[in-house]
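Here's the structure we're looking at; comments come further down.
The numbers here are math on the coordinates, done by the rules we state, and not lab data. Because the structure is predicted, anything quoted here is derived from the model rather than measured. Note that each Cβ is placed from the backbone with ideal geometry, even for glycine, and that neighbours are counted across all protein chains shown.
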Amino acid sequence: MNTRNKIILSVLLAVVACSLPWMVAANGYTIRIMTLILLFAAMAQAWNIVGGLANQISLGHASFFGIGAYTSTLLLLRWELSPWLGLLAGLALAGVAGALLSFPTMRLKGHYFALATLAFGEVLRAAANAWSSVTGGPVGISVPFKPGAGLALMQFESTRTYYFLMLGALLVTSAVFWQIRRSRMGYELRAIRAQVDAAEVIGIDTARTKIFAASISAALMGGCGVLYAQFNFFFDPDSIFSLVGISVRVALICIIGGIGTLFGPLIGALFLLPLEEIFNAKLSAKGAGVAQLAYGVILIAIILAEPRGLQALVGRWRKAMGRAK
């Protein structure tokens, strides 16, 4: 798909996305799921910068998500600073954390890098559980809701408003990803993904490129954490630094949708999150683990059918239909 068609498709998707929330109840279950789909698509797009372009499979992005959530919430609770200022602080702190993590791990590849990022997330989760005087510990922390605060405190009585907030987050993260992908850094990241040694031979500063990409990806993930805290109003260390619920899920969304592509995270989120909800609702009563088993079987089938994800699978189907005509 060329750039012109991608722009047209993006505009059409934006129009559809802006129309959908008016077709459902403003505070119903459906609009909440739609809002979470957009949030996780934005998170997956942030992950896509390092996981898709550089092929550095991170299993610790929940750590940056949690840093953003705790930063904005603590600033609001301790000093009554607006979450919009907390958003800036969360972006900055998560970005710095991403850069600091990349210093000792930038030479690692494959499962070594994945394990290092996983360990970082687990350390932050354990620290948040232990530091109860600041984080609330295992009990968790609540964002105080002030009726009528509205935009000033990023608190809304209608879930529909949060939907548009998450849509904005997805558009921003997608724009950043697309700009990086088309820039010199994007080509450098793909060269690093193909062969690190060869990239260094042709003059690419692989360390600088990886650190810069990691900090951008981490900062965007931290921003998503701020939005989640304001949307959910409560979180604890085990949920906000969750390996399976956040780190693995955003990686799966990218891989299933189409890793390294612009629309892959959105396609993956549109497929995986509703599928999870359907299986949990329909199969949970059948027995423990049945829903997870069925979910896993479908994911394995998709990956075996097309390792490049659903976007590539749709492309193959369109080509087959074209030949059939």
Have a look at L12, L39, L85 and tell me which one the Gaussian network model of the chain (Cα, springs below 10 Å) gives the largest fluctuation. L12
Only helices at least 20 Å long along their axis, Cα-based, and averaging -1.0 or more on Kyte-Doolittle count here, so list those DSSP H runs from the chain. 3-19, 29-48, 61-79, 83-105, 110-130, 159-182, 206-232, 264-283, 290-305, 310-324
Cβ density ranking, 10 Å radius, fewest first, applied to Y162, Y295 yields Y295, Y162
Please work out the FRET efficiency for the pair L77 and V201, using the Cβ-Cβ distance as r and a Förster radius of 51 Å; give the result to the nearest 0.05. 0.50
Counting Lys +1, Arg +1, Asp -1, Glu -1, what net charge surrounds R190 among other residues with beta carbon under 14 Å of its beta carbon? +4
Once normalised by the length of the chain, the mean sequence separation of its alpha carbon contacts under 8 Å that are 6 or more apart gives a contact order in percent of 30
The chain: C-alpha gyration tensor shape, a/c 1.5 cut-off, then a/b vs b/c: rounded
